[in-house]
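Step one of this worksheet: look at the structure below.
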Amino acid sequence: MEFRISSSSCSSRTLHCRRYGVSLAGEMVRHNSYRLHCTFSHSASTSLRNAHLSVIMYSHGSESLIKQAREIQDSELQKFYSRLVKLLQGKELGHETVDSLQRLHLILSANKYIRTASEEASVAPLLPSEQFQVLSSAVLRETLPPAAHSGNYSQENIVQLNSHAAALLLSQAGSRADVSSLCSQLLRGLESHHVTLLSKKLVDWLRYASILQGGGASSGGFFTGPRSRQSFTEDQWMNVFSFSALRHWLLTYHSVSNGNGTADTAHRLQLSLSLSHSHSFSNDDRSEVDGSVVSMVSATSSSSRLLPPKERLREKSFQYCQRLIEQSDRKAHKKSDADLQKACLVEAVCILDCVCEEDASLVFRAFPCIKALFGRLSSDLSFARVLLPIAQFYLNHGEIAAVDCGLVWALVFGRFPAELFNDPFLAHELLRFLRLNLESLQLRVPQYTHSFPNLLKFLAWDSPAVVDDFVDLLPSLVTAGTAVELLHTLLDLPCLSATLVLQVRSTCLPISEQSGRGLLSLDAFRSPSFRGLFLFLLRGEAGSGDTIDRLSTLHELLVETADWPRVVQCAQTVPVLLHIFFNTVITVADEKLLAHLILVMLERSSLLLNIPKYNKEIHRVFSSHLLRLCKLHPSLVWVLGEYLSVSCDSRCSVTLITACFEALEAVLFEITSSAPPPGADCPAPRVVTTLMSALAKLASRSHDLIPRGGSVAWCSDEEDLVAIVTRGEELWSLLKAPGVAQSVLTPPAH
């Protein structure tokens, strides 16, 4: 370390520290009108605190003392430094150390040029005694080292800095950039120190709380009410507050790895196994073999003291939550108590999930507790808000523990949406759970993509509240295996909405309305003759069929529901979802599947629930995406020739057929009339033959339409040329015999 003194370095540094025997007036030394005389008064009757450095003006002895300090040789000074360092490193810091620090300060104050000292002196401000912190800080404050000197304080030392050393460190900054860097280091150090202290306090607040309530009455305020006669001790309140803040604390301050990954994990695993061992064979605790959930505080308290504060808080949090879950089997008698119990269970399971994310070795200790809780609550859907965090725990850790998660997903994707579709809180929580875990669900839970008939019940019941969720979720439900059935289901969403309303009315309301007018749709819902139609709409998972045969019958039964608010709102969301569906399906489907989807579009365009504006909006969506599909896969144009017929749809008039014929003919003419630009690929022969076939089919349905041939001189491949010419000759031969052409090119629907 280099100690530097300049005429400006002490111009404003007058430090008075009489509390610990130091009075430094550096500025007086730098003016001719002042002289410094240093006397050290020590006697048996006076203590170290009475040692003082006094300033005497115009003293001739002071000049001699300063002169001696300036003339000290480097070799002598180094010996002095070495002796001081040994004193600082000793177990006890006594009078001699104080005297040496004072002399060193005098020497440095009297010199205006560089002095070199051992780097060990820089740790003096970190000494535990505040007396030595003040003295050593005063010594170092008289120096102005290079800016790089601040690097001597490692992150570990920064954490240990006291107020004196921190102020000293900042005062040594050589530039604004140095100040910024040092402030950042100090703040990180203070934060780490703060986190460590609070982690220790949280452990105490969680572990120690009085069993009996306080005797004093409530003083009123926010907590006044029926329970105002109760009161709690301070440690009980701190226990409650600590548990409430625990998960946020762990997520905020305990999620960052300390960089010692492998060794730290091995150490924690070994310690965890030892804790589990001591728990399993404790005389006070029951065995874990039978899956019981017990408290482990007494069995592991001695072992957990070996852990650092961060790991110890994690261990105590784990034990606290296990104990809370164990005690939750006590039935609450009031609704408010039941709600509080559920909230505490949610928090406890989330904290267990959090600590297991940080330390995988805790998973095996946590699962018996979680499995027991799931087994106890799964039959009671009033605990749905607790069961969702349990499902999150299974999703995060089930693969590590190699446990069967089938029952969990049967509940989440089965009973929850089927029976609680009209619970807004559950709808929000479940859909949020799906959005946050989309990637994991797609990879690990095959039931997810097949559960869309059930999940869409949330949308059918309350479309405005959840449509944003399904905008995010829908692409993950579109696969090659679900695309066709999902398209039918989206088109039937208004029917599903009406059916859910009928289901609720069937169980909660009288058969007829208050006006006395019976609901035909409700009668149909209750009728065994139509029960199959409604059960298909209410199915829980995909795979039982793409759609039903009697869609027109279903639409007739639901005709009076077309103006119900829920049905109308649901119908308004379908076009948006269809756009998302088609934008996604082109990324996962092959040409064969896309052809199938086009057939569904053509079929369902006339099989929709008759809601004002609904059919028109669906046709607009179909038109835009049909055009897009044909652009991406031109061979799909054959669909127009195949299905643009009055036998398929009564709306296919001669005018419509003629307009489509002219458009396709123009396309074919553009392709065949000119050679492609240099370097560009020639049109695919299949595109040409498909267009020719489509034109021939349309021409067979109107005698006024006559296809015209063109030159194919641009086709350089002989095999392709033969295929195009052969197809043209075949079609031309058929069209010469209109009766034959119609029977061949427009076969019966079957």
Original post:
Going highest first, how would you order 560-572, 606-618, 176-188 by mean Cβ packing within 10 Å?
Top reply: 560-572, 606-618, 176-188
**OP:** Over region 646-749, give the accessible area per residue in Å² for a 1.4 Å probe, as an integer.
**Re:** 61
**OP:** Quick one: of Lys457/Lys613; Lys335/Lys457; Lys316/Lys371; Lys331/Lys457; Lys342/Lys371, which pairs are farther than 27 Å apart, Cα to Cα?
**Re:** Lys335/Lys457; Lys331/Lys457
**OP:** Mind computing the radius of gyration and Dmax over the alpha-carbon atoms of region 646-749? Å is fine for both.
**Re:** 14.8, 46
Original post:
If Lys and Arg each add +1 and Asp and Glu each add -1, what is the summed charge of the other residues whose beta carbon sits under 13 Å from the beta carbon of Thr507?
Top reply: +1
Subject >> lysines with Cα under 30 Å of Lys697, excluding same-chain neighbours fewer than 8 positions away >> reply: Lys592, Lys616, Lys631, Lys736
**OP:** Write down the Å³ per residue value for the convex hull defined by the alpha carbon atoms of region 443-575.
**Re:** 120
Original post:
Sorted by average packing, counted as other Cβ atoms within 10 angstrom per residue and highest first, what order do 345-355, 364-374 take?
Top reply: 345-355, 364-374
**OP:** For region 646-749, give the percent of accessible area contributed by carbon and sulfur heavy atoms, probe 1.4 Å, rounded to a whole number.
**Re:** 59
Original post:
Once the Cβ-Cβ distance between Ala737 and Ser624 is put in as r, and R0 is 45 Å, what FRET efficiency do you end up with, to the nearest 0.05?
Top reply: 0.70
**OP:** Any chance you could look up the accessible area of Cys344 with a 1.4 Å probe, heavy atoms only, rounded to 10 Å²?
**Re:** 40
Subject >> Relative packing of 439-451, 408-420, which averages over residues the other C-beta atoms within 10 Å, highest first >> reply: 408-420, 439-451
Subject >> Residues of type aspartates and glutamates that Lys91 reaches as a straight line, Cα spacing below 12 Å, ignoring anything fewer than 8 places off in the same chain >> reply: none
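The values are calculated or read from the model by the stated rules, or taken from the named source; none is laboratory data. Just so you know, these numbers come straight off a predicted model, no measurement behind them. When we count neighbours, we look across all protein chains shown, and the Cβ atoms used for this are built from the backbone with ideal geometry, even at glycine. Keep in mind that these areas ignore ligands, DNA and RNA; they rest on the heavy atoms of the full protein, side chains included. Shrake-Rupley method; radii C 1.70, N 1.55, O 1.52, S 1.80 Å.
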